[in-house]
Structures are given as C-alpha cells and as structure tokens.
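Remarks on the structure that follows.
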C-alpha cells in the first residue's frame, strides 16, 4: 500500500499545478479580445503600473528568465503593444514601455479580473486568505 505522503491527492505541488492549468484555461477566452496570452497579460499588468521597466527588473517581478521573456517581448513588440529600447544611461540595459495600443488595452482589460473571480466560487474572505498564503509562499521562493 502506498505511503500516504506519496499519494497524488496529498501533494500540494500537484494541487497548485492543476489549479494553475485550470486558471489559465479560464483566462484564455477573457484575453481573446486583447489577442494576448496569459504571460503577455502579466507583462501588461506590470507596465500599466510602472510605464517603463528594464527587461531584467520585469523578469524578476514575473519570476521569468530572459530566455522566456525575450521572445515573448519580441512578439508583443511585433503586435504593437510595447517598445524595447536600449537605455541612454547604460546601453546594456533594455527598457520596455507601452505603446498607445498597449495603453489602450488597459481599458479593455478592466473586466478581466472581475470575470475571472466569478469563476472561482470563493467567498471574499477565502479569496483574500488564499492570496495571502500564496504571497507568503512566493516570498519564500524569492529568497
């Protein structure tokens, strides 16, 4: 008989993995109007907050390495959402900022979080408790 600790249903990592896959599935139709993927949505969320950020800082903020981030940013630039330019202070640094199209997408995205939360079937207190726990876990991983 399998050890209780080794049962799939007792694995936190599997619960997080499966939940993440389902959450991304929910986001797909919500992001269709913007013609972006979920990772691209995350980039836009950061840029709607800060307007300009280095690729390195963006990667740190999103927990993405440059090998993942650079091709995605290239596609976003080709789609007219962002620009990438070398810093005038340090040309080794590439800065990312929104185009007008990227800025305009923010208004279209306003309903996305609300529509997503409707799919979760969580009470408000449960939602904030879960968010707090996950943020605490993320803090542990970034050290």
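The values are calculated or read from the model by the stated rules, or taken from the named source; none is laboratory data. Source: prediction; values computed, not measured. For neighbour counting, all protein chains shown are included, and Cβ atoms are generated from backbone atoms with ideal geometry for every residue, glycine included.
Pairs only if they're at least six apart or on different chains, beta carbon under 6 angstrom, first in region 117-143 and in contact (Cβ under 8 Å) with a residue 60 or more places away in the chain and on the phi < 0 side of the Ramachandran plot, second assigned to a helix (DSSP H, G or I) and surrounded by 10 or more Cβ atoms within 10 Å (Cβ to Cβ); list them, first residue then second.
Close Cβ pairs satisfying both conditions: 119/26.
So residue 76 fits all but one of (1) modelled with pLDDT under 95; (2) farther than 21 Å from residue 19 by Cα; (3) surrounded by 11 or more Cβ atoms within 10 Å (Cβ to Cβ); what number is the exception?
Residue 76 satisfies every listed condition except (1).
Across region 80-89, what is the total count of residues that are under 14 Å from residue 47 (Cβ atoms) and assigned to a loop (DSSP other than H, G, I, E, B)?
2
Restricting to region 87-107, name every residue that is at pLDDT 95 or above and out of contact with any helix residue (DSSP H, G or I) (no Cβ under 9 Å at 6 or more places or on another chain).
Scanning region 87-107 gives 100, 101, 104, 107.
Look through 26, 36 and report the one residue that is in a loop (DSSP other than H, G, I, E, B), in contact (Cβ under 8 Å) with a residue 24 or more places away in the chain and within 15 Å of the chain's Cα centre (by Cα).
After ruling out the rest, the residue left standing is 36.
Just the residues that are surrounded by 13 or more Cβ atoms within 10 Å (Cβ to Cβ), over 15 Å from residue 105 (Cα atoms) and touching a helix residue (DSSP H, G or I) at 6+ places or on another chain (Cβ under 7 Å), please, taken from region 40-69.
Result: 53, 55, 58, 59, 61, 62, 66, 69.
Which pairs do you get when a residue that is on the phi > 0 side of the Ramachandran plot, found in region 80-103, comes within reach of a residue that is part of a loop (DSSP other than H, G, I, E, B), reach meaning Cβ atoms under 6 angstrom, with the pair 6+ apart or on two chains?
Correct list of pairs: 80/99.
Name the pairs: first residue in region 56-79 and in a helix (DSSP H, G or I), second residue at pLDDT below 95, Cβ to Cβ under 7 Å, at least 6 apart or on different chains?
Correct list of pairs: 59/65; 59/66.
For region 107-131, what are the residues that are over 14 Å from residue 32 (Cα atoms) and surrounded by 12 or more Cβ atoms within 10 Å (Cβ to Cβ)?
Residues satisfying the conditions are 117, 119, 120, 122, 127, 129, 130.
Kindly indicate whether residue 47 is over 24 Å from residue 15 (Cα atoms), in a helix (DSSP H, G or I), touching a strand residue (DSSP E or B) at 6+ places or on another chain (Cβ under 8 Å) and in contact (Cβ under 8 Å) with a residue 40 or more places away in the chain.
On the way: over 24 Å from residue 15 (Cα atoms): yes; in a helix (DSSP H, G or I): yes; touching a strand residue (DSSP E or B) at 6+ places or on another chain (Cβ under 8 Å): yes; in contact (Cβ under 8 Å) with a residue 40 or more places away in the chain: yes.
Against the criterion (over 24 Å from residue 15 (Cα atoms), in a helix (DSSP H, G or I), touching a strand residue (DSSP E or B) at 6+ places or on another chain (Cβ under 8 Å) and in contact (Cβ under 8 Å) with a residue 40 or more places away in the chain), residue 47 qualifies.
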